[in-house]
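Structure first, commentary second.
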Amino acid sequence: MDPKTGTENQTKQDKAILQLGDKQFELPVFAGTEGERAIDIRHLRKESGYITLDPGYVNTGMTRSSVCFIDGEEGILRYRGYPIEELAENSNFVETSFLLIHGDLPDPEQYEKFRQELRQHSMIHEDMRHFYDGFPSSAHPMAILSAMVLGLSTFYTESDNPEHDDDTNLTVCRLLSKVRTIAAFSFKKSIGQPFIYPDNSLSYCGNFLHMMFRVPAEPYHVDPEVERALNLLLILHADHEQNCSTATVRMVGSAQTNLYACISAGITALWGSRHGGANQAVLEQLNMIHNSGQEVDRFVETVKDKNSNARLMGFGHRVYKNYDPRAKIIKEACDRLLDHLGVQDPLLEIARRLEETALSDSYFIDRNLYPNVDFYSGIMYRAIGIPTDMFTVMFALGRLPGWIAHWLEMRSDPDDRIHRPRQIYTGPQKRSYPV
Ligand code: ACO
């Protein structure tokens, strides 16, 4: 058995019987390497005329995947089998990206080669710099990021037809390296400062900080603690199996769309406030409580009230019905970073009080609502000097290797077909056009 893909564990183990009227249908049952079980319904419609209805894909497995494992009940997250806690403690973002994309940790030679490839592709085509002139300075950096990543496909047209792109590794390295530069340039554009070109003598995260915070008039030194914090944040965001943006990357990719376009689509999915945009929404919510002087208890009452339409941002998760393991790690790292920088952020105090209040309230307890990855990440980004509207861009930078890993996995999957869900039509029956 291959412990990485679990191929053997996923062979037919049992059958489920579905009774529809007087007919019975046998459906194969599969198990993954961690014992998750699934009923294979792919031939159900052909055999019975029925489809399954699952709005929001709450109970639908779209694929078998060996990239990431989550146990939402137990609060477990592993990349390629490695617990997130161990990667957060010992790895860096480049190494974790290699792990996600290639399936195993790199040996020293592979690591060096990968780092070198990323260094080599850190610049963007000069013509792409001019794209920034066309965006208003008020543009949201996620819109710029998505547009610029799509723009990359116009410069590297060999990737247009993924079936015939022999050098996917080149596309992958270009993306990982250039998205970082595009993100930093978006920030510089938004504050009216000149773009700072990459300095390839720096590490992946060090180079990003350099492009973000250096100004031509002054020297800039990368703070190793900030660099470490950034590595940690990016590692924690690097993958999360079939979330909305990853599923989007797979959905778009299933049409044989090129990787740049798929990642661009993933970025737009991540932008939404129910998904990656929540980190921006958390900070805005904390700011609102701070500026209005509203009591935390009263605010918690508001988010419990269904008529208010408000939610406690950074709380709740489709999969985790326990404390998000990433939130636990970020909470500790947040204290460490703020201590190091000597920052006393009143928003951190509000976040702590909100968490304490929510976790002792039956509304949140009964619904298994715990802090998610976004609850404390924004406070760290803010301490680093990254503005609120760049938070989701940071998330995208982190999630990039995960998106790529899933796209590659999908391409090599023998079950790969265009994604095309069904529906139950509820509109008017046939009627005639009035003449
Ligand atoms: N605040 C208040 N109530 C909440 C919250 C919240 N943050 N999250 C869920 N609930 C309530 C819902 O109102 C619902 O209550 P009901 O059963 O009385 O109707 C119940 O908990 C279940 O919520 P659903 O929306 O059905 O859960 P779902 O799995 O569809 O949504 C989601 C998950 C989108 C993350 C949701 O919890 C949410 O909106 N959270 C706030 C936004 C957020 O932090 N998103 C980031 C997620 S992590 C990520 O994407 C990186």
Checklist (1) away from the ligand (no atom under 16 Å from the Cβ); (2) at pLDDT 95 or above applied to Gly35, failing item: (2)
The listed residue being out of contact with any Lys or Arg (no Cβ under 8 Å at 6 or more places or on another chain), closer than 30 Å to Cys262 by Cβ and basic (Lys, Arg), out of Arg336, Arg399, Arg353: Arg399
Matching residues in the range 299-331 - criterion: being acidic (Asp, Glu) and either surrounded by fewer than 22 Cβ atoms within 10 Å (Cβ to Cβ) or in contact with a helix residue (DSSP H, G or I) (Cβ under 7 Å, 6 or more places away or on another chain) (or both): Glu301, Asp305
Considering residues of the range 333-382 that are aliphatic (A, V, I, L, M), within 21 Å of Glu225 (Cα to Cα) and not in a helix (DSSP H, G or I) only, the residue least open to solvent (accessible area, probe 1.4 Å): Val373
Qualifying positions in the range 22-69 - of a type in the set (Ser, Thr, Tyr) and touching a residue at least 40 places away in the same chain (Cβ under 8 Å): Tyr57, Thr63, Ser65, Ser66
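Considering only residues that are part of a loop (DSSP other than H, G, I, E, B) and either more than 13 Å from the ligand (Cβ to nearest atom) or among the polar types (S, T, N, Q) (or both), which ones fall in the range 296-322?
As a first pass, look at the range 296-322 and keep what is part of a loop (DSSP other than H, G, I, E, B): 305, 309-314, 316-322.
Result: Asn309, Asn322.
Residues are listed down the side, and each one gets a yes or a no for (1) among the polar types (S, T, N, Q); (2) modelled with pLDDT of 95 or more; (3) away from the ligand (no atom under 14 Å from the Cβ):
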site	(1), (2), (3)
Leu270	no, yes, no
Asn279	yes, no, no
Val282	no, no, no
Glu349	no, no, yes
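Specify which of the listed residues (Asp167, Asp160, Asp104) is farther than 25 Å from Gln280 by Cα and modelled with pLDDT of 95 or more. Steps first, answer last, please.
On the way: Asp167 fails: modelled with pLDDT of 95 or more; Asp160 fails: modelled with pLDDT of 95 or more.
One residue alone meets the criteria, Asp104.
Listed residues Ile263, Ile289; which is within 16 Å of the ligand (Cβ to nearest atom) and under 28 Å from His317 (Cβ atoms)? Spell out the reasoning first.
On the way: Ile263 fails: within 16 Å of the ligand (Cβ to nearest atom).
Of Ile263, Ile289, the one residue that is within 16 Å of the ligand (Cβ to nearest atom) and under 28 Å from His317 (Cβ atoms) is Ile289.
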Whichever residue in the range 346-357 is within 26 Å of the chain's Cα centre (by Cα) and free of Cβ contacts under 8 Å to residues at least 40 places away in the same chain and, among such residues, is nearest to Leu234 (Cα to Cα): Leu348
Wholly within the range 51-128, helices (runs of 4 or more DSSP H) carrying at least 2 residues that are over 25 Å from Val319 (Cα atoms): 93-102, 108-120
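How many residues does the range 53-68 contain that are among the small types (Gly, Ala, Ser) and farther than 14 Å from Phe30 by Cα? Break it down stepwise before answering.
At the first step, the residues of the range 53-68 found to be among the small types (Gly, Ala, Ser) are 56, 61, 65-66.
Among the residues that remain, those that are also farther than 14 Å from Phe30 by Cα are: 56, 66.
The total comes to 2.
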Residues that are in contact with a strand residue (DSSP E or B) (Cβ under 9 Å, 6 or more places away or on another chain) and open to solvent by less than 50 Å² (accessible area, probe 1.4 Å), drawn from the range 77-101: Leu77, Tyr79, Arg80, Pro83, Ile84, Leu87, Ser91, Thr96, Leu99, Leu100
Residue that is farther than 26 Å from Ile101 by Cα, hydrophobic (A, V, I, L, M, F, W, C), open to solvent by less than 10 Å² (accessible area, probe 1.4 Å) and more than 16 Å from the ligand (Cβ to nearest atom), where the choices are Ile386, Ile404, Ile424: Ile386
Test: residue in the range 131-141 that is within 23 Å of Ser245 (Cα to Cα), modelled with pLDDT under 95 and buried (at least 18 other Cβ atoms within 10 Å of the Cβ): yes
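Give me the helices (runs of 4 or more DSSP H) completely within the range 157-261, filtered to those with at least 2 residues that are among the polar types (S, T, N, Q), touching a Phe, Trp or Tyr at 6+ places or on another chain (Cβ under 8 Å) and open to solvent by less than 50 Å² (accessible area, probe 1.4 Å), ordered by residue number. Talk me through it step by step, then tell me what you get.
Details: elements: 168-191, 204-213, 224-237, 244-253.
Those helices (runs of 4 or more DSSP H) span 168-191, 244-253.
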So Leu145, is it hydrophobic (A, V, I, L, M, F, W, C), open to solvent by 20 Å² or more (accessible area, probe 1.4 Å) and at pLDDT 95 or above: no
Pair list, Cβ under 8 Å, 6 or more apart: the range 271-290 residue acidic (Asp, Glu), other residue open to solvent by 30 Å² or more (accessible area, probe 1.4 Å) and more than 12 Å from the ligand (Cβ to nearest atom): Glu284/Thr388
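The values are calculated or read from the model by the stated rules, or taken from the named source; none is laboratory data. Bear in mind the structure is a predicted one, so any value in this text is a computation, not a measurement. A quick note on method: Cβ atoms are made from the backbone with ideal geometry, for glycine too, and the neighbour counts reach across all protein chains shown. Just the protein is used for accessible areas: all its heavy atoms, side chains included, with ligands, DNA and RNA removed. Shrake-Rupley method; radii C 1.70, N 1.55, O 1.52, S 1.80 Å.
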